[in-house]
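What follows is a set of notes on a single structure, which appears directly below.
Derivation of every value follows stated rules applied to the coordinates shown; laboratory data play no part. Keep in mind it's a predicted model, so treat the numbers as computed, not measured. Heads up, the Cβs are rebuilt from the backbone with ideal geometry, glycines too, and the neighbour counts pull from every protein chain shown.
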Amino acid sequence: MTPQQGSGTVLIIRGARLEGGDAADLRIEDGVIAEVGHGLSAPGASVADADGLIALPGLVDLHTHLREPGYEASETVLTGSRAAAAGGYAAVFAMPNTSPVADTAGVVEQELALGEAAGYVHVQPIGAVTVGQRGERLAELGAMADSRARVRVFSDDGFCVWDPLIMRRALEYVKAFDGVIAQHAQDPRLTEGAQLNEGAVSAELGLAGWPAVAEESIIARDVLLAEHVGSRLHVCHLSTAGSVDIVRWAKKRGVHVTAEVTPHHLLLTDELARGYDARFKVNPPLRREEDVQAVREGLADGTIDIVATDHAPHPAEAKACEWQAAANGMVGLESALRVVHQAMVETGLLEWADVARVMSRTPARIGRLDGYGTPLEPGAPASLVLYDPSATGPFTAADLRGRSVNSPYLGRELPGSVRWTIHRGAVTVRDGELQELGA
Amino acid sequence: MRHLLDTKTLAREDALRILDVAEDMADTQQREMKKLPALRGKTVVNLFFEDSTRTRISFEAAAKRLSADVINFSAKGSSLSKGESLQDTAQTLQAMGADAVVIRHGASGAPRTLATSGWISAGVVNAGDGTHEHPTQALLDAFTIRKRRFGADSRGRDLEGLRVTIVGDILHSRVARSNVWLLDTLGAEVTLVAPPTLVPQDVSAWPVRVLYDLDDALAEGADALMMLRIQLERMNAAYFPTEREYSRRWGLDPRRLTSLGADSIVLHPGPMNRGLEISAEAADSARSTVLDQVTNGVSVRMAALYLLLAGERDADDREDVR
């Protein structure tokens, strides 16, 4: 766990609407919320005027790519942590597709230490399910679980654990330490060379199709496996209407399945691919309008448990090229809350308290991450974000704080603005400005 | 005309203008002295990331007959095969002063990326991109159909009411896509005939009818029948079981050839697989327009290059180069 920061200093947050409800003051001291009330004051305290701002528990991202070790030209733990803080995050789960792959206790402990050194957010490593993410042999899941990184989420993200026997064994094995398998659901045979959602747009553009069924068939198989062995399954970046139906059905049966949706699948469609602008190339691909509506409804009715960014930084040259040659992925940490605001809150599908649930409380719970996603109450760790819902403006490169700029939102109007982010008492964003830590 | 990237967004009047200018170009090609001075001093680059001798020499002949300087830039043995990016290649061509870039690329959308990236100010002509479009092929096909139908009276006419049937691998065919959009724009009725595996999964937005049975399609009659090349490696990806079965169900064999109406013509974009999608009898029959298509291809490409390069560009068309 990250050491407590900001000890000795006192911060009064004045007049924040707690999870969008009634306004209150918060006194933060020694890294915890010391008091919640009205008219709070403390000698020598600094004051954050939060009039009109919404306070949410610090956001928790269950699906981030930090690229270090191995791909530091795209992102490092430090730069990704800064991007996370800028977006209102207090914790991110780092996917294991680094080089070397995070498939041993040594690599996950290195990742953890890099996060602690950066200090902006808690970096919680995710371990690979199989050695080298090759889908053939289980990695030493227990060693990663017992390591200082206390890994509870395992994923071969980027690759599907396609072999049904390996998937079954992984689901069973992690029960020993209350782990969960986070599956990247993609049948590899049905998606060979796939470039874009298979449908009317791919037909016209002449891009090889990525059919919805390649996702849905794996999710259907996996929920049945999870039911059979009584294990926890988490579905990464669910993107189709059919997937929502399958998860809804599985939950009715009592299967221990949770699911995430990305901000971009809540807002963007495959129509954006028409100009062959590779900023819109992502895996799973942007889907149809019907799918966007279905994942929104799924998130609203609880079928989908959380929003996770799938923040995937890439260097400029990996996107400034022909579509087929371009890398999959988009950065998303800095824009996620604003996109959820637009797609879910402005549409009336979620209240702010629900946003706290799907972007902080539940992701922390799925990942078994203690001390995050906790309520804004006395005694809780002081990790929170103060968000101005009335702000408007285009999303620009100045909003990006990581090393890469492959955002699909550049130039797009998005509501809201992250004004303050506080991680265990340490102010990482102050009045809209990312702070320099450790100076 | 700033670029020629696709037929999907090509307006009817622009398509007819290209076809009519191509008629003028074709007339000049009947003369002993075929060369025109129209593009003297202009530089046309043939940027071919995929091998395609037929298309490249057609563009090369077109540019040379308009007196343009031609630079052929092919992938093999050049920096392109050493991993140079499209951006660096484009900027190199810009620095050399290319006025038009004719691009053939294996990736769908590469011509649009080239045209819209800001890397280059030259006009871009799509000479075939992946499985997306091949607009000059569709234009030469339309020119050929019109010429066979209306002869010397072709100018200004569209293809209203003509029935065109396209047979073969629609899924992977840029020729089919460009023809679907252009033929529809020109008023023709388009029918696609293919194994269900070789039709895109969702063609609900296409202005076509899709049939799986070639004999049913032929029984309804067609003014023009376009046979697409089948690539044999498709067999290995389970699109169809064997060459023999494909040929039997979707090939233009002598029996089907004789069932065609008196005025029906047979097109093929080449190169042909004789005995597979088209029989020798069909390829060599009087209905076949295969060689006309090659000849007309030069005229149509002359027209496209001429309209891209000879006219004054609108002020709006001038784009800053990053």
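Values as computed for the structure displayed
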{"read-out": "Overall dimensions of the stretch B:1-53 as given by Cα atoms, namely Rg and Dmax in Å", "value": "14.3, 37"}
{"read-out": "Qualifying lysines (Cα of each under 28 Å from Cα of A:K252; at least 8 residues distant if same chain)", "value": "A:K175"}
{"read-out": "Amide H within-cut-off set for B:V199, under 5 Å, with H built and near neighbours excluded", "value": "B:L171"}
{"read-out": "Among A:V261, A:V213, A:V153: highest mean-square fluctuation, GNM of chain A, C-alpha pairs under 10 Å", "value": "A:V213"}
{"read-out": "A:E377/B:A238 FRET efficiency (R0 60 Å; Cβ-Cβ; nearest 0.05)", "value": "0.50"}
{"read-out": "Cleavage-rule hits (GluC sites (Glu not before Pro)) in the stretch B:4-94: DSSP loop, at most 14 neighbouring Cβ within 10 angstrom", "value": "B:E32, B:E84"}
{"read-out": "Spatially proximal lysines relative to B:K8 (Cα-Cα < 19 Å; intrachain offsets below 8 disregarded)", "value": "none"}
{"read-out": "Surface/4 of the Cα convex hull for chain B, nm²", "value": "16.7"}
{"read-out": "Angle between chain A longest axis and helix A:164-173 axis [Cα atoms, degrees, rounded to 10]", "value": "30"}
{"read-out": "Order by protection proxy (mean Cβ within 10 Å, highest first), peptides B:259-271, B:237-249", "value": "B:259-271, B:237-249"}
{"read-out": "Distance histogram in 10 Å bins (all Cα pairs of the stretch A:244-337, percent per bin)", "value": "16, 42, 29, 12, 2"}
{"read-out": "Gaussian network model of chain B, Cα within-10 Å springs - most flexible of B:N179, B:N46, B:N72", "value": "B:N72"}
{"read-out": "Selection of trypsin sites (Lys or Arg not before Pro), the stretch A:183-273, meeting DSSP coil and at most 13 other Cβ within 10 Å", "value": "A:R253"}
{"read-out": "Principal axes of the stretch A:57-366: Cα extent on each, largest first, Å", "value": "50, 42, 40"}
{"read-out": "Shape box of the stretch A:319-359 [Cα atoms, principal axes, largest first, Å]", "value": "41, 17, 12"}
{"read-out": "Ellipticity estimate at 222 nm from DSSP helix runs (n ≥ 4, -39,500 (n - 2.57)) divided over chain B, nearest 500", "value": "-11000 deg cm²/dmol"}
{"read-out": "Packing-based order for B:35-41, A:10-16, using average beta carbon neighbours within 10 Å, highest first", "value": "A:10-16, B:35-41"}
{"read-out": "Computed lengthening from A:D431 to A:A73, 0.36 nm per intervening residue step minus Cα-Cα distance", "value": "125.9 nm"}
{"read-out": "Neighbouring partner chain Cβ atoms per residue of A:272-279, average, 10 Å criterion", "value": "3"}
{"read-out": "All Cα pairs of the stretch B:135-294, percent lying beyond 29 Å", "value": "11"}
{"read-out": "Sites A:E172 and A:V47 - FRET efficiency at Förster radius 51 Å, r taken between beta-carbons, to 0.05", "value": "0.45"}
{"read-out": "Sparsely packed trypsin sites (Lys or Arg not before Pro) within the stretch B:61-143, loop by DSSP, other Cβ within 10 Å at most 11", "value": "B:K76"}
{"read-out": "Directionally averaged shadow of the stretch A:23-129, computed from the convex hull of its alpha-carbon atoms, nm²", "value": "8.3"}
{"read-out": "Percentage of interatomic Cα-Cα distances in the stretch B:29-126 larger than 22 Å", "value": "28"}
{"read-out": "Per-selection Kirkwood Rh - the protein assembly as shown (Cα, Å, 1 d.p.)", "value": "28.6"}
{"read-out": "GNM result for chain B, Cα springs below 10 Å: residue of B:R56, B:R31, B:R256 fluctuating most strongly", "value": "B:R31"}
